[in-house]
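Laboratory data are not the source of any read-out in this text; all were calculated from the coordinates shown. If you're wondering where the values come from, they're calculated on a predicted model, not measured in any experiment. Because the Cβ atoms are built from the backbone with ideal geometry, glycine has one as well, and the counts that use them run over all protein chains shown.
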Amino acid sequence: MHSFGKPFDRTRSRASYAVTLISVAAVGPSLLVFGAGSSSPQPAPPSDSSAQLLSYRTIDPSVPPAGPYLAQAEHYSSEIAMNIGHPLSLPLSVVVNSVQLEGPNTGAYAAPLDSSGGQNGTATRCVIFIDPFLYRHEGTAEANLTIAHEVFHCFQAMDYSSIPTFLHAPRWLIEGEAEWVGATLVPFDDDFWNAYLLDLTTPLFTRSYDAIGFYALMTESGIDTWHLLDPMLKVGSSAAAYALAANSTLKEDWASSLARQPSFGQEWDANGPDITNVKYNPAVTVLRTGTVLGGKVAPYTNALIPFSPATDVVHITTTTAYSRLHTGNGANYDQLDMQPNDFCNNQCGKCPEMKAMPRIGGSSWLAVTGDIQGASYRVTGEKAMCNAPCIVGTWTVTNETSQYLGIREGGAGAIWTVEPDGTISVDWAESTPVVLAIGKSFTYRGEQTEILTPSSLTEGSTGQWLIASTSGNATATSSDGTVTPLPAYGGGTGTWTCGKDSMTVTTNVYGGGGTVVTTYTRN
């Protein structure tokens, strides 16, 4: 069942099945049956119930016979059985409708029925209805894909304890699997690929037919997709189905494959049955000194960030190993949460630090897969890093304490970026609440810019920490709801001590009487 670029349903809601039962039953004895194993129509006795009449079609010279469609359905049933590892245990019938009973662009739909001919119990047989759109508008290949898709719905119904459970199962599983099966068995350009290739921010679990791309990615990742289709339906939840389906290769390749840039390497291109030529074309950002490209990637979604560096150094941070960079000089870097993330673009011979950096070489792509927890990324344009003090870089707060102020713990997640010129950018968007000894807490939010005095920027692993000025819109919200501007740092002296991956800053409270101790890890 295909339309021309417009999504539509191949399976029906329970209410719409009831309409079909009434309309077919109303025809009465002028119906002929075409069930599995029947080579010719058999007359239906006038006493047949509406459930029995579902296996019949009207005698209308303008309506094609059901026999050839049944033969095709049985053919695809055999092919599916051979691939999936078991036969269809439900008797299969085909009904050709003389009027369009589904949507205007619907070619066919499948109806699993219980022993009473209803849809309340366990499926005992399956009927495929052919609507006029299929035999009047669809070409042979498209019609065959539609029939293969519908036959697989009959297989899926076998995996559920009841028909209502099947009808309410997630559509990325039901329609996505069926679309992949149909496209795998019948070559035909499938427009449902387009939404998968273009809508990177749509979570997998809210997809439908366009989840075809995920099943194709499973196959490309070395997964035996056919033999996981049943287990994914039976496991009981979307999250559990994803856990069965997604190996580490899939997670690493998911985002980058959507770039459709085969010249970057096979992991940067999507492939699969009936894939279209559609390509995601995001805007390319010119990354200058001070430019920051940052964002979040929701669970089960992806992000592609192309950028053209016009700065000395590009610093890249991701929170997931399922990230990949393709640089302008053709190199690929994987697992960016565990790699050296400073890349040189200009002045690469200026000093030993710059010489040691890998070259980025021009226009580049960053790919980030959200996986189950989501992820974030940050791409920053920075000045040449020569003889930079240890404190220069991007840091994440791990904890903050103060005996004087009664702070027991908190503040984790705030991002501090210390530039070589002493400028500090603070982002409290992910900061956890700071808890006081008396039980009260407050939460930092907003952004702030602070300037370290030149004397603070000494080389080595220790130095003075003194803020000369502060600006920004940061606030502190207490647990009772009071919101106040975040106090400016400065007015006292302090020290910093840092190593390769960690730093501790001890700052004297303004006016004396205590200290604030903050610990960080390097991003």
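Tabulated data for the structure shown
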read-out: Distance between region 207-249 and region 445-460 - C-alpha centres, whole angstrom; value: 48 Å
read-out: Dipole-positive endmost among Ser237, Trp226, Asn277 within region 194-313 (Cβ charges, Cα centre); value: Ser237
read-out: Size of charge dipole - region 285-382 - debye, nearest 20, with Cβ of Lys, Arg +1 and Asp, Glu -1, no other charges; value: 180 debye
read-out: Asp334-Ser237 FRET efficiency (beta carbon distance; Förster radius 22 Å; 0.05 resolution); value: 0.15
read-out: Area projected by the alpha carbon convex hull of region 225-346, averaged over all directions, nm²; value: 8.9 nm²
read-out: In order through region 86-93: 3J(HN,Hα) via Karplus (6.51 cos²θ - 1.76 cosθ + 1.60), integer Hz, x for Gly, Pro; value: 7, x, 6, 8, 8, x, 10, 10
read-out: Debye intensity ratio I(q)/I(0), log10, region 118-161, q values 0.13 Å⁻¹ (C-alpha model); value: -0.37
read-out: P(r) of region 113-242 over all Cα-Cα pairs, binned every 5 Å from zero, in whole percent; value: 2, 10, 18, 21, 20, 15, 9, 3, 0
read-out: Which of Glu179, Glu142 has the fewest Cβ neighbours within 10 Å, and the rest in rising order; value: Glu142, Glu179
read-out: P(r) weight above 17 Å for region 79-164, C-alpha pairs, percent; value: 50 percent
read-out: Solvent-free Debye scattering, log10 I(q)/I(0), computed from the Cα coordinates of region 393-522 at q = 0.15, 0.22 Å⁻¹; value: -0.67, -1.58
read-out: Under the Karplus curve 6.51 cos²θ - 1.76 cosθ + 1.60, θ = phi - 60°, whole-Hz ³J(HN,Hα) for region 328-337, x wherever Gly or Pro sits; value: x, 8, x, 8, 10, 10, 9, 6, 5, 6
read-out: Built amide H within the under 5 Å cut-off of Gly107, gap 5+; value: His2
read-out: For Trp428, Trp180, order by how many other beta-carbon atoms lie within 10 Å, fewest first; value: Trp428, Trp180
read-out: Exposure proxy ranking, count of Cβ atoms within 10 Å, fewest first, for Leu287, Leu436; value: Leu436, Leu287
read-out: Average projected area [Cα convex hull, region 196-268], square nanometres; value: 4.8 nm²
read-out: Among 465-476, 356-367, the order from most to least packed when residues are scored by Cβ within 10 Å on average; value: 356-367, 465-476
read-out: Long-range amide H partners of Val95 with built H, under 5 Å; value: Ile128, Phe129, Ile130
read-out: Region 105-145 and region 259-279: distance between their alpha carbon centers, rounded to Å; value: 33 Å
read-out: Cut-off under 5 Å, modelled amide H: who pairs with Gly294 long-range; value: Val379
read-out: J(HN,Hα) series, region 150-163, from Karplus relation 6.51 cos²θ - 1.76 cosθ + 1.60, nearest Hz, glycine and proline x; value: 5, 4, 5, 4, 5, 4, 4, 4, 5, 7, 10, 5, 8, 5
read-out: Inverse of mean 1/r across different Cα pairs in region 285-382, Kirkwood, Å; value: 13.3 Å
read-out: For peptides 441-450, 210-219, sequence by mean Cβ density within 10 Å, most packed first; value: 210-219, 441-450
read-out: By average C-beta atoms within 10 angstrom, highest first, the peptides 147-160, 249-262; value: 147-160, 249-262
